[in-house]
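The block underneath contains the structure these notes are about, expressed in structure tokens.
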């Protein structure tokens, strides 16, 4: 036997918990994201409303009725059948006092819990703001009146350029008409629907109500229902992609997936990555902000080359000091410590290698997003939403050959002691689409300034097909660039210690002038802001044409 | 043998290669420039500034900063040749170097549009430009004084602070080390000139 009140409380508890779990309202990560102020007011609301309902329903008393499961179908005296079959029935009867009842405090807790879940599901900062503003809104209703028609409004007449003389001539009678300078006829203003100055508040309220009713009727009219139905029927087969598109936006799912494999080791040891927080994407991406022109030389020479590559990639793609970053750092993945033949294997079995490196799901997510977009383009076209369709389909047709290839890319960068610089493009197929995998092989050389500068060229060529940074792309005058060593003679002279450095502004080390690169002292005072900026911004302009995001 | 050492030493002295712009050398050069500015009468400094201005507008006008730099350096050397005493000549070359660099760096401190605005607004354009430059140098010096921990007028410490500050500026903002250094050296040297107190 269980008391009716206890049964009600338990049923409410289970139902509330189920709703809370189903809608993630009780998920700790969701609750931790709720604004503390909202949480406080929700808890207060739950306490007050829960207590009020608990007291109003008299839950503090023992249950007046009980429920019992009669397994043999036999009912006791004073019992009535509630629900069930002849053999098994749930019976209800008057509680003589021995039916099981939860303690009142526990039942009180159930009601507070119920309202807490309700509050968490419905309250947010906007709700709070609206509630705070409610008295002011009510007080302000009907306070805005239509302007008095007799009120003289001073409107400054706008005279088109060149019309002043024509008007003057017209005023003096030298011209018969104003022609194109004639003032346009004033359009009749819209009818003012605000409260009239002599309108009683109740009348105004009635008018507002009538307007709302008319709007509602218009909304429920037959054509509107038909159009809604057509739209729904068209969208129904696309519910899944529609939902996924919304979810992707909310989740911030990747819109691109670019992968670069290199045989160089991780630039940071496991311990450094742990202490500097580089396992976390945000911290890793944050480290690319405001990179110095050159990376510091590390004690561990094994990782120096990796650091330099990481540094160059960071500058070329992510450093926000230069215009238009190439993409979101989270969508770029450098896979360190890859075997030298990674590109060959990737070309032969892309899916296998991507799975092996644990990036298959990441890449397929972008592909799925791309497919969803294509499907939704079709939907927009079916719905006849010309603007959206033309926008989406326009992009799709322009990029049908390359939209996915723009957002998903694979590159390999191999440094080897004996290697001479060589760039190769390998063809492969993924999701029945052709992909090109770029592979750059270059000589090694950690801590060597010449090699460091060469890496800008190597990585630029690797990331953008056909990219070249030369004399014509540089800020240096092409004539001066032809005789780069002339600066060397200038620096041999003793006078003009500071003024001589002006020559460095006309020497672009990224063109590979070895003379400056051999001078460590000059590299310390080199005006990187001129040439590095040019290198990065030019690269990004070209890169944006080749690669990007969905 | 001794003669050979002199020859090698002489060659090395005449070609300040390899480490002329390492931190220690830079600090020393800035310190020497600060001393040169403080030891030269203000009238002479003003004359030199006017001379460089005139040369930049006339004989050394060029769209190539490399050529203008060479020309102004030559002009400065010619101007300093009039100093009879060697110590004065060397001092002259140092402050002239600062002035030439400041002339060349004007574009880094004041853009063409700002110059045009000054030209439109003020009748005495050159005076207004000078005033504006002084303000920009002052803002730079304010940053230096906030960043520096130098106590008193220790020129070595100030030189070191200027070098470090300008390296930082060159790294984080669009201002070349030598532009920043010349501007600060002139501002600090001129402001702390004994004749000013």
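Here are the numbers for the structure shown:
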| item | result |
| --- | --- |
| Sequence of B:31, A:537 once ranked by neighbouring C-beta atoms within 10 Å, starting from the fewest | A:537, B:31 |
| Per-residue average of Cβ from other chains inside 10 Å of B:173-179 | 6 |
| Cα-only Debye scattering, chain B: base-10 log of I(q)/I(0) at q = 0.08, 0.18, 0.19 Å⁻¹ | -0.29, -1.41, -1.53 |
| Cα long-axis angle, helix A:222-235 against chain A (0 to 90 degrees, to the nearest 10) | 50 |
| By average C-beta atoms within 10 angstrom, highest first, the peptides B:179-187, A:129-137, A:238-246 | B:179-187, A:238-246, A:129-137 |
| Two-site label geometry, residue A:206 and residue A:146: point separation in nm, points 7 Å out along Cα→Cβ | 1.7 |
| Whole-angstrom gap from segment A:289-319 to segment A:412-469, using each part's C-alpha centre | 17 |
| Chain A: relative contact order as a whole-number percent, Cα under 8 Å and 6+ apart | 12 |
| Förster radius 30 Å - calculated FRET efficiency between residue B:142 and residue A:546, Cβ distance, rounded to 0.05 | 0.10 |
| Proxy reagent accessibility, fewest Cβ within 10 Å first, across B:81, B:94, B:136, A:303 | B:81, B:136, A:303, B:94 |
| Pair residue A:515, residue A:289: separation of 7 Å Cα→Cβ label points (nm) | 4.1 |
| With Cα atoms, 0 to 90° folded angle of helix A:104-122 axis to chain A main axis | 50 |
| Residue-averaged 222 nm ellipticity for the protein assembly as shown, from DSSP H runs of 4+ at -39500 (n - 2.57), nearest 500 | -18000 deg cm²/dmol |
| Chain lengthening between residue A:360 and residue A:77 when straightened (0.36 nm per residue, less Cα-Cα) | 95.0 nm |
| Gaussian network model of chain B, springs between alpha carbon atoms under 10 Å - residue of B:160, B:28, B:131 with greatest fluctuation | B:131 |
| Segment A:1-114 - convex hull of the alpha-carbon atoms, volume per residue in Å³ | 111 |
| Beta bridge orientation in chain A: antiparallel %, DSSP, nearest 5 | 55 |
| Separation of alpha-carbon centers, segment A:336-358 and segment A:101-150, rounded to whole Å | 57 |
| In degrees, nearest ten, helix A:125-140 long axis to first principal axis of chain A (Cα) | 60 |
| At q = 0.25 Å⁻¹, base-10 log of I(q)/I(0) for segment A:82-148 (Debye sum, equal scatterers on each alpha carbon) | -1.07 |
| Cα→Cβ-extended label distance, 7 Å offset, between residue A:321 and residue B:131, nm | 3.4 |
| Estimated FRET transfer efficiency (residue A:130, residue A:432; beta-carbon r; R0 56 Å; 0.05) | 0.60 |
| With 5 Å bins from 0: P(r) over segment A:311-388, alpha-carbon pairs, percent | 3, 11, 14, 14, 14, 15, 13, 8, 5, 2, 0 |
| Net lengthening on full extension, residue A:297/residue A:39 (0.36 nm per residue, minus Cα-Cα) | 87.9 nm |
| Percent of alpha-carbon pairs separated by more than 31 Å within chain A | 72 |
| Shielding by other protein chains, A:16-25, mean Cβ within 10 Å | 0 |
| For A:517-529, mean number of other protein chain Cβ atoms within 10 Å | 6 |
| Inter-part distance where segment B:100-177 and segment A:210-260 are each reduced to a Cα centre, Å | 58 |
| Exposure proxy order (Cβ contacts within 10 Å, fewest to most) of A:235, A:94, A:500, A:176 | A:176, A:94, A:235, A:500 |
| Cβ-Cβ FRET estimate between residue A:106 and residue A:239, R0 fixed at 41 Å, reported to 0.05 | 0.45 |
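Every number in this text was worked out from the coordinates using simple rules, so none of it is lab data. Just so you know, these numbers come straight off a predicted model, no measurement behind them. Reconstructed Cβ throughout: ideal geometry from the backbone, glycine too, with neighbour counts over all protein chains shown.
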